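The values are calculated or read from the model by the stated rules, or taken from the named source; none is laboratory data. Worth saying up front: this structure is predicted, and the values here are computed from it rather than measured. We place every Cβ from the backbone using ideal geometry, glycine too, and count neighbours over all the protein chains shown.
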Amino acid sequence: MTGTHAHTDPQPQPTRTARADRHPPWCDRSRCTADAASQANGYRSGGGEHRSAPVPLNLATGQWLPVQDGTAWLTEACAPWLCEPYLRVRVGDMHLSMPADNARRVLDALSALLASAMSASEVIP
């Protein structure tokens with residue numbers, strides 16, 4: 001015996017989830033580039049992504065913006081493991097990308113702030 005032993009235990013592999021095999025409910029098949037078949041036998045980059053229909057953002061009332069229109073959409077990578085959906089926002093040459101769960105918390109905080117402005121404007125002195 002030479003002191004080196006062959007490692008016979010199989011290496012851990014990512015757990016396959018249903019995510020790579022199905023489209024999320026918000027996925028717009030005409031924009032989707034996800035290819036679950038590319039993920040057979042383990043992860044390979046270039047598996048594409050699920051994409052939602054774009055939502056137009058009218059920013060005409062915003063001040064000092066380089067453009068008056070933007071677009072928002074959801075994406076989720078295609079991989080053999082659970083992937084997180086992201087919110088993508090594009091306004092002119094500016095791009096914002098954040099996990100959808102974080103975006104939800106930001107929007108909840110903004111909604112509460114805007115609700116306080118609405119209730120303040122309804123107060124009659």
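Restricted to segment 86-125, and to residues that are of a type in the set (S, T, N, Q) and outside any strand (DSSP E or B), which residue is modelled with the lowest pLDDT?
121
Between residues in segment 64-85 that are part of a strand (DSSP E or B) and residues that are among the polar types (S, T, N, Q) and loosely packed, with under 14 Cβ neighbours inside 10 Å, which pairs lie under 7 Å by C-beta distance while being six or more apart or on different chains?
Listed by first residue and then by second, the contacts come to 69/58.
Of a type in the set (S, T, N, Q) and surrounded by 17 or more Cβ atoms within 10 Å (Cβ to Cβ) - does that describe any residue in segment 54-74?
Within segment 54-74, none of the residues are of a type in the set (S, T, N, Q) and surrounded by 17 or more Cβ atoms within 10 Å (Cβ to Cβ).
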